[in-house]
Amino acid sequence: RDMFDESASDTAEMRKMAEHDIKFARLADQWPEDVVKQRKEEQRPMLTINREASFIRQVVNAGRQSRRGIIVSPVDGGADEDTAQVISGLIRSIERQSSADVAYDTALDNSVTCGMGFFRIGIDYAHEDSFEMRALIERIPNPLQVHWDTRSTRFDASDWEYGFISD
């Protein structure tokens, strides 16, 4: 709870700005509240031409055309090219079975819209009546649900000590 509270308090301002960005870009909520109130009282129209969505689509569609994926490369003296190819095949299989493209595209769309986008790697049962487990790449549709280690310093966040997905 302490880690969650720390993350929530450290990112509160950023989350507020991200929520504003989502409302502005996706919901076309582009009028200041005082102006909305005044125009409603005066029974004046409020026209909104949302040009933001087209720019977001342009970036996201460019990202969709250049498919992303996990690449495995042998890096040290004990590494083997054949082993890297086998592991790459396993990862491609996991991506295909879990529709990872949807997770990647959602994360990209959220990143462009509000500055943060996430997906997660989970483990689930392969079938309802089996004990066999499989890895999955899952989409996180709402980036505001994710709370992370704010002491992280690496650009790729690989040094996170914790992460929470609130519900």
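What to note about this one:
- First in the stretch 115-133 and touching a residue at least 12 places away in the same chain (Cβ under 8 Å), second anywhere and among the hydrophobic types (A, V, I, L, M, F, W, C) and open to solvent by 100 Å² or more (accessible area, probe 1.4 Å), Cβ under 9 Å, 6 or more apart: 115/17
- Counted residues, the stretch 22-55 - those being open to solvent by 100 Å² or more (accessible area, probe 1.4 Å) and of a type in the set (Gly, Ala, Ser): 0
- Count of residues meeting criterion [surrounded by 11 or more Cβ atoms within 10 Å (Cβ to Cβ), free of Cβ contacts under 8 Å to residues at least 12 places away in the same chain and closer than 20 Å to residue 110 by Cα] in the stretch 145-167: 1
- So residue 66, is it of a type in the set (Gly, Ala, Ser) and either in contact with a Gly (Cβ under 7 Å, 6 or more places away or on another chain) or farther than 24 Å from residue 18 by Cα (or both): yes
- Restricting the search to helices (runs of 4 or more DSSP H) fully inside the stretch 1-93 and requiring at least 1 residues that are at pLDDT 90 or above and touching a helix residue (DSSP H, G or I) at 6+ places or on another chain (Cβ under 7 Å) gives 12-26, 52-65.
Listed here are the residues, each with its yes/no results for (1) in contact (Cβ under 8 Å) with a residue 60 or more places away in the chain; (2) of a type in the set (Phe, Trp, Tyr); (3) on the phi > 0 side of the Ramachandran plot.
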position	(1), (2), (3)
13	no, no, no
18	yes, no, no
21	yes, no, no
36	no, no, no
43	no, no, yes
48	no, no, no
67	no, no, no
76	no, no, no
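- When 29, 82 are checked against the criterion of being free of Cβ contacts under 8 Å to residues at least 60 places away in the same chain, more than 24 Å from residue 116 (Cβ to Cβ) and acidic (Asp, Glu), 82 stands alone in meeting it.
- Selected residue (criterion: surrounded by the most Cβ atoms within 10 Å (Cβ to Cβ)) from residues of the stretch 91-139 that are of a type in the set (S, T, N, Q) and under 22 Å from residue 52 (Cβ atoms): 110
The values are calculated or read from the model by the stated rules, or taken from the named source; none is laboratory data. These numbers were taken from a predicted model, which means no experiment stands behind them. Heads up, the Cβs are rebuilt from the backbone with ideal geometry, glycines too, and the neighbour counts pull from every protein chain shown. To get the accessible areas, we keep the full protein, side chains included, count just its heavy atoms, and leave off ligands, DNA and RNA. Shrake-Rupley method; radii C 1.70, N 1.55, O 1.52, S 1.80 Å.
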